[in-house]
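These notes concern the structure reproduced below.
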Amino acid sequence: MGKPEIGTTVVVDVPATTANLGPGFDCLGAALDLNNQFQLKVLEGGAERFELIIESKEGSHLRGGPDNLVYRAAQRVWREVGMQPIALEARVQLAVPPARGMGSSATAIVAGLMGANALAGEALGKEKLLELAIDIEGHPDNVVPSLLGGLCLTAQAASRRWRVVRCEWHENVQAVVAIPSIRLSTADARRAMPKQIVVPDAVSNLGSLTLLLQGLRSGNGDLITDGMHDRLHEPYRWPLIQGGSAVRKAAMDAGAWGCVISGAGPSLLALCPPEKGRAVAEAMEKSWEQEGVQTRALPLKLQSGGSRWRPKPS
């Protein structure tokens, strides 16, 4: 396969995601209309050269080099298609801050996969890209909606095949995401969880997930309220989030049907009627700022299109 010309550039837009939504641990995630943009440019050189330029206040700690997540994902594509690795520059506009529970690492993986695949003439289909993305991330709840868009339930079937179910999200369900200035690594959040769970907790989560999906499909707020309860991960993660419980209460008092940890946290996700979205966002911001934590709360729509790439004219 031929190497693209030096200077060839593709632009990949990848949406933020919110995962788990309470009881959907490691299998349920939704894409939101907040994008990271990656411009991937072919440079002179080979597999050891990857330059990273972050065009935002967030992400100053991120580094280039061959171990960068974007470049590691890109090299997986090239290995699959039998193409020699190429040097890249990634110029990134970060709207999804790292270590906040909004799928930042998933955006990096998906951008690397899609950008490398575009530079390889789209040699791989979406199903293969999904398989690679899940393998790199280790779980599907962020990377699948990041790539495909919408609300996705992903499970590995008995056949070992990954199965993705696109679920419905009623237009009368508003997402509000509060993104604090504090960080929480996914590794730390996972270490807080128990190694084993008891049967009643598993049964409770199965019931809650069923209610939540039906509530999201129908726009029934009562079902969403009863469905946004988790016993597998949230009880162990709330203590890791400074002021989190107070912010949750503020969201509920302002009219939210429910408020949960977004992904591994510390960002929080509230679901509410559209007319309550701004009030819920303001209440969450105010509550967290009373704890001394600077926060940005955003009413966001479901992003249904998933990731997209386009060539950048030279």
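The values are calculated or read from the model by the stated rules, or taken from the named source; none is laboratory data. What you are looking at is a predicted structure, and each value in this text was computed from that prediction instead of being measured. So basically every Cβ, Gly included, is an ideal-geometry build from the backbone, and we count neighbours across all protein chains shown. Please note that ligands, DNA and RNA were not included when accessible areas were found on the heavy atoms of the full protein model with its side chains. Shrake-Rupley method; radii C 1.70, N 1.55, O 1.52, S 1.80 Å.
Mind running the shape call on segment 165-221? Use the C-alpha gyration tensor, a ≥ b ≥ c as the square roots of the eigenvalues: rounded below 1.5 for a/c, prolate if a/b tops b/c, oblate otherwise.
Cα axes put segment 165-221 in the oblate bin.
Take every Cα pair under 8 Å in the chain that's 6+ residues apart, average their separations, divide by the length, and report that relative contact order as a whole percent.
For the chain, the relative contact order is 25 percent.
Mind giving me the FRET efficiency for Gln93 and Ser159? R0 is 51 Å, r the Cβ-Cβ distance, nearest 0.05 is fine.
The computed FRET efficiency comes out at 0.80.
Quick one: net charge of Val10's neighbours, Cβ under 15 Å, K/R +1, D/E -1?
On the way: positive: Lys3, Lys41, Arg91, Arg308, Arg310, Lys312; negative: Glu5, Asp13, Glu89, Glu122.
Net charge in that neighbourhood comes out at +2.
Let me make sure I get this right: for segment 181-282, a, b and c are the square roots of the gyration tensor eigenvalues over alpha carbons, sorted descending. Under 1.5 in a/c it's rounded, otherwise prolate if a/b > b/c, else oblate. Which is it?
oblate
Computing the accessible area with a 1.4 Å probe over protein heavy atoms, can you report the carbon and sulfur percentage for segment 40-169?
On the way: 2460 of 5510 Å².
Carbon-and-sulfur percentage of accessible area, whole number: 45.
As I understand it, the dipole of the chain uses +1 on the Cβ of Lys and Arg and -1 on the Cβ of Asp and Glu, about the Cα centre. Which of Ile182, His139, Gly22 lies farthest toward its positive end?
The one lying farthest along the dipole's positive direction is His139.
Taking amide hydrogens as modeled 1.01 Å from N in the peptide plane, which residues meet the under 5 Å criterion relative to Ala87, leaving out close sequence neighbours?
For Ala87, the qualifying residues are Leu43, Gly45, Gly46.
Using label points projected 7 Å from each Cα along Cα→Cβ, tell me how many nm separate Ser304 and Ala192, to one decimal.
Calculated label separation equals 3.5 nm.
Magnitude of the Cβ-charge dipole of the chain, K/R +1 and D/E -1, about the Cα centre, nearest 20 debye?
In debye, rounded to 20, the chain gives about 380.
Quick one: how many lysine pairs in the chain have C-alpha atoms under 17 angstrom apart, if they're 8 or more apart or on different chains? Provide the component values of the computation, followed by the final result.
On the way: Lys3/Lys41; Lys41/Lys312; Lys249/Lys276; Lys249/Lys286; Lys276/Lys286; Lys276/Lys301.
Value for the chain: 6.
Starting at the first residue of segment 113-121, write each ³J(HN,Hα) from the Karplus equation 6.51 cos²θ - 1.76 cosθ + 1.60 with θ = phi - 60°, in whole Hz, x for Gly and Pro.
Rounded to whole hertz, the list is 5, 5, x, 5, 5, 5, 5, 9, x.
Under the rule a/c < 1.5 gives rounded, and otherwise a/b versus b/c splits prolate from oblate, where does the chain land using the Cα gyration tensor?
It comes out prolate by the Cα gyration axes.
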